[in-house]
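> Got a structure for you, written out below as structure tokens; questions coming shortly.
Every read-out reported here was derived from the displayed coordinates using simple, explicitly stated rules and does not represent laboratory data. Keep in mind the model is a prediction, meaning the values are calculated, not measured. Methodologically, a virtual Cβ is constructed for each residue, glycine included, from the backbone with ideal geometry; neighbour enumeration extends over all protein chains shown.
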Amino acid sequence: MDLGLKGKNAVVLGGTRGIGRAIADTLAGEGAGVAICARNADQIASTVGALKATGAKATGASIDITDSAALKSWIAGVDRDLGGIDIVFSNAGAMALGGDPASWEQNFRLDVLGAVNAFEAARPFLEAGGEKNGDAAFIIISSISAAQADTASSYGPIKAALIHMAKGLARQHAAKKIRVNVVSPGTVYFEGGVWHMTEQKAPKRYTDALARNPTGRMATPQEIANAAVFLASPASSFTTGSNLVVDGGISNRVNF
């Protein structure tokens, strides 16, 4: 299927590893220009180099997305460098699993305020893209943890806030041709990721989590990226305000 992404430009927050890197690679493969940001400058340089090696337009910078002024300045520069912004993926997350005040603050500042900052910084450019091409998209990566709780962790409620925010943004900005959707992964395994580290440091917890999924495995970052890029593409042009659960059946909720 042609997703209609050739010639479009996308911003990926947290684009150097895991789901974000898979999103960036998939976009480049579809012919889109890609801008990435993350904290590690060396990983940014390596990822941008790899994207350019595929023939894609690519740029990146080390940005703290909780710094709204820095993020706004960078996104404006991306618009100039790439010649427009059609899609933004809000993928960066703190992954603080505790229920203590510091964990709540860390998750809120990076996950929620990071997404708020990104949307506000990109909104005028997404509006311009929507007016020009009839479709622009803002995609948030949340988690199935938003819909289930075993302990009073800060992680799930913060991820739930993103889904609520996305629905409001979708309705508020539909007239400007900006679609807003969410992808909620279950467990995702990649080298250096949280479940890889859990496998090494707490193998029983890892095997217990693996056993809960009826598919018998965890997702790859590419499987989550496939869903996210589809939702961002014109191939999904009438989908907005949705939360797409991609968890391999690990949750038992019914998604009405």
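> Regarding the stretch 50-57, can at least one residue be identified that is in contact with a Gly (Cβ under 6 Å, 6 or more places away or on another chain) and surrounded by fewer than 18 Cβ atoms within 10 Å (Cβ to Cβ)? Full working, then the answer.
Quick first cut of the stretch 50-57, residues in contact with a Gly (Cβ under 6 Å, 6 or more places away or on another chain) only: 57.
Filter once more, so that each one left must be surrounded by fewer than 18 Cβ atoms within 10 Å (Cβ to Cβ): 57.
Scanning the stretch 50-57 turns up at least one residue that is in contact with a Gly (Cβ under 6 Å, 6 or more places away or on another chain) and surrounded by fewer than 18 Cβ atoms within 10 Å (Cβ to Cβ).
> Moving to a separate point now. Starting from the stretch 150-173, keep only residues that are touching a residue at least 40 places away in the same chain (Cβ under 8 Å), then list their pairs with residues that are surrounded by fewer than 16 Cβ atoms within 10 Å (Cβ to Cβ) whose Cβ atoms are within a distance under 7 Å, requiring at least 6 positions of separation or different chains.
Thr151/Gly99; Ala152/Gly99; Ser153/Leu97; Ser153/Gly98; Ser153/Gly99; Ser154/Gly98; Ser154/Gly99; Tyr155/Leu97
> So, in the stretch 123-163, how many residues would count as being touching a strand residue (DSSP E or B) at 6+ places or on another chain (Cβ under 7 Å) and among the hydrophobic types (A, V, I, L, M, F, W, C)?
Residues that pass the stated criteria total 11.
> Right, here's the next one. If only one of Ala53, Ala122, Ala115 is over 16 Å from the mean Cα position of the chain (by Cα) and not aromatic (Phe, Trp, Tyr), which one is it?
Details: Ala122 fails: over 16 Å from the mean Cα position of the chain (by Cα); Ala115 fails: over 16 Å from the mean Cα position of the chain (by Cα).
Ala53 is the lone residue from the list that is over 16 Å from the mean Cα position of the chain (by Cα) and not aromatic (Phe, Trp, Tyr).
> Turning to a different aspect of this structure: If only one of Ser62, Ser73 is more than 18 Å from the chain's Cα centre (by Cα) and hydroxyl-bearing (Ser, Thr, Tyr), which one is it? Reasoning before the result, please.
Details: Ser62 fails: more than 18 Å from the chain's Cα centre (by Cα).
Every option except Ser73 fails the conditions.
> Need pairs with beta-carbon distance below 8 Å; first residue under 16 Å from Asp247 (Cα atoms) and within the stretch 197-214, second acidic (Asp, Glu) and not in a helix (DSSP H, G or I); sequence gap 6+ or separate chains.
That search, which allows pairs on different chains as well, returns Asn213/Asp247.
> In the stretch 86-114, which residue that is in contact with a helix residue (DSSP H, G or I) (Cβ under 6 Å, 6 or more places away or on another chain), of a type in the set (A, V, I, L, M) and under 18 Å from Ala70 (Cβ atoms) is surrounded by the most Cβ atoms within 10 Å (Cβ to Cβ)?
So the residue we want is Val88.
> For Ala24, indicate whether it is over 27 Å from Lys177 (Cα atoms) and under 18 Å from the mean Cα position of the chain (by Cα). Lay out the reasoning, then the answer.
On the way: over 27 Å from Lys177 (Cα atoms): no; under 18 Å from the mean Cα position of the chain (by Cα): yes.
No; evaluated as a whole, the condition is false for this residue.
> Name, by its number, the condition in (1) of a type in the set (A, V, I, L, M); (2) over 24 Å from Leu231 (Cα atoms); (3) in contact (Cβ under 8 Å) with a residue 40 or more places away in the chain; (4) assigned to a helix (DSSP H, G or I) that does not hold for Ala102.
Going through the list (1) of a type in the set (A, V, I, L, M); (2) over 24 Å from Leu231 (Cα atoms); (3) in contact (Cβ under 8 Å) with a residue 40 or more places away in the chain; (4) assigned to a helix (DSSP H, G or I), Ala102 breaks only (3).
> Please determine, by comparing only the residues of the stretch 76-104 that are of a type outside the set (A, V, I, L, M) and within 18 Å of the chain's Cα centre (by Cα), which one is farthest from Gly192 (Cα to Cα).
At the first step, the residues of the stretch 76-104 found to be of a type outside the set (A, V, I, L, M) are 77, 79-81, 83-84, 86, 89-91, 93, 98-101, 103-104.
From what's left, within 18 Å of the chain's Cα centre (by Cα): 86, 89-91, 93.
On the way: Asp86: 30, Phe89: 21, Ser90: 20, Asn91: 17, Gly93: 15 Å.
It comes out as Asp86.
> Exactly one of these conditions fails for Arg123: (1) among the basic types (Lys, Arg); (2) surrounded by 18 or more Cβ atoms within 10 Å (Cβ to Cβ); (3) touching a Ser or Thr at 6+ places or on another chain (Cβ under 6 Å). Give me its number.
Failed condition: (3).
> Tell me, which helices (runs of 4 or more DSSP H) wholly within the stretch 133-240 include 1 or more residues that are of a type outside the set (S, T, N, Q) and farther than 24 Å from Leu3 by Cβ?
Where helices (runs of 4 or more DSSP H) fall fully within the stretch 133-240 and carry at least 1 residues being of a type outside the set (S, T, N, Q) and farther than 24 Å from Leu3 by Cβ, they are 155-172, 194-201, 203-212.
> Condition first: surrounded by 14 or more Cβ atoms within 10 Å (Cβ to Cβ), closer than 18 Å to Ala92 by Cα and small (Gly, Ala, Ser). Now tell me which residues in the stretch 4-44 satisfy that.
Passing the criteria: Ala10, Gly14, Gly15, Gly18, Gly20, Ala22, Ala24, Ala35, Ala38.
> Can you say whether Glu120 is out of contact with any Cys (no Cβ under 9 Å at 6 or more places or on another chain), charged (D, E, K, R), farther than 23 Å from Gly4 by Cβ and in contact (Cβ under 8 Å) with a residue 40 or more places away in the chain, as far as the supplied structure shows? Explain how you work it out, then say what you get.
Numbers: out of contact with any Cys (no Cβ under 9 Å at 6 or more places or on another chain): yes; charged (D, E, K, R): yes; farther than 23 Å from Gly4 by Cβ: yes; in contact (Cβ under 8 Å) with a residue 40 or more places away in the chain: yes.
Taking the combined requirement at face value, the residue satisfies it.
> Among the numbered conditions (1) in a helix (DSSP H, G or I); (2) free of Cβ contacts under 8 Å to residues at least 40 places away in the same chain, tell me where Ala56 comes up short.
Condition (1) is where Ala56 drops out.
> I'm told Ala235 meets every condition in (1) among the aliphatic types (A, V, I, L, M); (2) surrounded by fewer than 17 Cβ atoms within 10 Å (Cβ to Cβ); (3) farther than 18 Å from Ile139 by Cβ except one. Can you identify the failing condition by its number?
Just one mismatch for Ala235, condition (3).
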